[in-house]
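Enquirer: If you scroll down you'll find the structure; I have some questions about it.
Please treat every number below as a calculation from the coordinates, not as lab data. Since the model is a prediction, treat every value here as computed from it, not as a measurement. FYI the Cβ positions are ideal-geometry reconstructions off the backbone, even for glycines, and counts take in every protein chain you see.
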Amino acid sequence: MANTLTKLDIHLTFHIKHNGPTIRHNDISRIHEYIGGIVRSMGGSAIAIGGVNDHVHILLTLPKTLSMSEMVKTIKARSSTWIKTIDPAYSHFAWQEGYGAFSVSPSLIEPTTKYIRNQEEHHRVHTFKEEYLKILQGYGITYDERYVFDD
């Protein structure tokens, strides 16, 4: 085949380190915008970005030239470096080492987008832990709960 053609839509989520500062409500949207810019600068497409003060969800199209781990590493590194410049209160900000990345079929792009954009409402009822375990279970991913949330 002469061309490399891909369409890999991924629901990516990761959490802040537990010993670091949480994201202030008035900074959430600008951090999401910045993350969207990182995704675009890497050749990806940021379909939806959402989250609350302790985690982020990103629905993105992975560029054919990058692995998921490269994409996540760059998003986390660039965004945490930038977040530290917003205010001295973020001087110890960091994302947790791990992440969850889940494939999304074309038929589920719209409901996943809605889910990501309604994170604030969703987290009035469910914790991140409950949400994340439900996603893992829905995808049939085996995990050890003792380690899934460690920094």
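Enquirer: Where in segment 52-95 is the amide nitrogen less than 19 Å from a point lying 7 Å along the Cα-to-Cβ axis of S29?
Expert: Hits in segment 52-95 for S29 at 19 Å: 52-59, 83, 86-87.
Enquirer: I would also like to ask the following. log₁₀ I(q)/I(0) of segment 1-81 at q = 0.11, 0.23, 0.25 Å⁻¹, via Debye over equal Cα point scatterers, no solvent, to two decimals?
Expert: Once normalised to I(0) and log-transformed, intensities are -0.30, -1.11, -1.28.
Enquirer: Still on this model: So, with +1 on the Cβ of K and R and -1 on the Cβ of D and E, and no other charges, what is the size of the charge dipole of the chain about its Cα centre, to the nearest 20 debye?
Expert: Using Cβ point charges on Lys, Arg, Asp and Glu, the chain gives about 380 debye.
Enquirer: Compute the projected area of the convex hull of the Cα atoms of segment 89-134, averaged over all viewing directions, and report it in nm² to one decimal place.
Expert: 4.8
Enquirer: What are the semi-axes of the equivalent ellipsoid of the chain, taken as the square roots of 5 times the eigenvalues of the Cα gyration tensor, listed largest first and rounded to whole Å?
Expert: Square roots of five times the eigenvalues give 24, 20, 15 Å.
Enquirer: Here's another thing I want to ask about it. Per DSSP H run of at least 4 residues, take -39500 (n - 2.57); add these up for the chain, divide by its residues and hand me the 222 nm value, nearest 500 deg cm²/dmol.
Expert: -12500 deg cm²/dmol
Enquirer: Work from the charge dipole of the chain (Cβ charges, +1 for Lys and Arg, -1 for Asp and Glu, about the Cα centre) and give the residue of T13, S67, S91 farthest towards its positive end.
Expert: So the residue furthest toward the plus end is S67.
Enquirer: Moving to a separate point now. Where the centre of each part is set by its Cα atoms, how far does segment 1-34 sit from segment 96-151, in angstrom?
Expert: 13
Enquirer: Report, in debye and to the nearest 20, how large the dipole of segment 27-81 comes out about its Cα centre when Lys and Arg carry +1 and Asp and Glu carry -1 on their Cβ.
Expert: Approximately 200 debye in magnitude.
Enquirer: Let me ask something additional. Measure off 7 Å from each Cα along the Cα-to-Cβ vector at T4 and K134, then give the distance between these two points in nanometres to one decimal.
Expert: 3.7
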